[in-house]
Amino acid sequence: MNVGFIGLGHMGVGMAANLLKAGHRLTVYNRTRTKAEPLVAEGARLAASISDTCGGDAIVTMLADDEAVERVAYGDGGIIDRLSPRALHVSCSTISVALSRRLSEAHAKAGQRFVAAPVFGRPEAAAARRLFVVAAGEPGAIEAASPLLEAIGQRIFVVSDTPQAANLVKLSGNFLIASVIESLGEAMTLVQKGGVDPHRYLEVLTSSLFDAPVYKTYGGLIAGGKFEPAGFAAPLGHKDIRLALAAAEDLRVPMPVASLLRDRFLTLLARGGEHLDWSAIGRLSAADAGMPAP
């Protein structure tokens, strides 16, 4: 397929590289042009503008937040303005349910197709084609997007004909990950202050009741205090919890734990943690307990 790709951050660069490896003809755009150079060396074409990425069969966006997606999607020269009728927009960004709904409606009005396909996984998983893709959209659009989704992920979960449902699932999943991070941090602080080595404690957990990647990955980061470089920066975690709460308010679903997590992220950011991985909220409990950083 002829594919445009917008957003070559920590996640996007690996995803774009895997589209190239799968044989798709790729045109890439990023505000920081130097991030595109490795892909250009592998055969991608560098776009001079957003509209320059929209002439093919599909466009994939992997951007940080609603503002970034709105900037490339709307207005003269944006995706909706330039994408051909029946062409496909695959949005892999973690965005609000409300924006996903508006994008779906705008693309339908323009005669284009839209699939929401946010992903679970960190940058190393993106590079290794080990992402889990949560997809939603009209069945014909999902079928058209399948070669692209298969190129970036190890498994695709189609959850609905309605695109915004995929974003709701993604936000709920990130809420659960953040909940694990917070609870791991509290538990590790408890046992460490009681004299138990946190790495040994993590071995007990992950070799018994909690043998899951989320506990192994984030438990290791918390136990070792390894929050730099950030695979997923703290402000993005804060953003996702706020979006989950906004969706919850719209659906009238109380989420008291999410409200706690929002405050934990605010605490981390207030203490200068903007550059840290979002798992750094797992060390706030240690600071609250008067323990030194590892």
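The values are calculated or read from the model by the stated rules, or taken from the named source; none is laboratory data. Just so we're clear, the structure is a prediction, and the values are computed from it rather than from any experiment. Glycine gets a Cβ as well: all are built from the backbone with ideal geometry, and neighbour counts include every protein chain shown.
Restricting attention to the range 134-159, the residues being without any contact (Cβ under 8 Å) to a residue 40 or more places away in the chain and either of a type in the set (Ser, Thr, Tyr) or in contact with a strand residue (DSSP E or B) (Cβ under 8 Å, 6 or more places away or on another chain) (or both) number 15. Within the option set Leu236, Leu184, Leu245, being closer than 30 Å to Ala98 by Cβ and in contact (Cβ under 8 Å) with a residue 60 or more places away in the chain holds for one residue only, Leu236. Can Asp240 be described as more than 18 Å from the chain's Cα centre (by Cα) and either more than 13 Å from Gly282 (Cα to Cα) or at pLDDT 95 or above (or both)? No: the conditions fail for Asp240. Could you list all residues from the range 248-294 that are surrounded by fewer than 16 Cβ atoms within 10 Å (Cβ to Cβ), farther than 15 Å from Gly237 by Cα and of a type in the set (Gly, Ala, Ser)? Those that are surrounded by fewer than 16 Cβ atoms within 10 Å (Cβ to Cβ), farther than 15 Å from Gly237 by Cα and of a type in the set (Gly, Ala, Ser): Ala287, Ala289, Gly290, Ala293. The criterion of at least 3 residues that are closer than 29 Å to Pro256 by Cβ is met by the following helices (runs of 4 or more DSSP H) wholly inside the range 101-201: 164-193.
Restricting the range 1-28 to residues that are under 22 Å from the mean Cα position of the chain (by Cα) and among the small types (Gly, Ala, Ser) leaves a set whose member that is farthest from Ala73 (Cα to Cα) is Ala22.
Looking across Arg71, Arg31, one residue alone is closer than 24 Å to Leu236 by Cβ, in a loop (DSSP other than H, G, I, E, B) and either more than 19 Å from the chain's Cα centre (by Cα) or assigned by TED's automatic domain parsing to the domain that holds Ala116 (or both). It is Arg31.
For the range 201-211, the set of residues classified as without any contact (Cβ under 8 Å) to a residue 12 or more places away in the chain and surrounded by 12 or more Cβ atoms within 10 Å (Cβ to Cβ) consists of Glu203, Val204, Phe210, listed by residue number. Of all positions in the range 80-91, none carries a residue that is modelled with pLDDT of 95 or more, in contact with a Leu (Cβ under 6 Å, 6 or more places away or on another chain) and assigned to a loop (DSSP other than H, G, I, E, B).
Residue by residue, here is whether (1) assigned by TED's automatic domain parsing to the domain that holds Arg264; (2) aromatic (Phe, Trp, Tyr); (3) modelled with pLDDT of 95 or more holds:
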position	(1), (2), (3)
Glu150	no, no, yes
Phe157	no, yes, yes
Leu176	yes, no, yes
Gln192	yes, no, yes
Glu203	yes, no, yes
Leu221	yes, no, yes
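Scanning the range 178-190 for residues that are of a type in the set (A, V, I, L, M, F, W, C) and either at pLDDT below 95 or buried (at least 18 other Cβ atoms within 10 Å of the Cβ) (or both) turns up Ala178, Val180, Ile181, Leu184, Ala187, Met188.
Checked against (1) surrounded by fewer than 21 Cβ atoms within 10 Å (Cβ to Cβ); (2) within 20 Å of Ile152 (Cα to Cα), Leu26 passes all but condition (1).
When the test is whether a residue is within 14 Å of the chain's Cα centre (by Cα) and surrounded by 24 or more Cβ atoms within 10 Å (Cβ to Cβ), Pro123 does not pass it. For the range 212-229, a tally of residues being crowded, with 20+ Cβ neighbours inside 10 Å and within 28 Å of Ala165 (Cα to Cα) returns 1.
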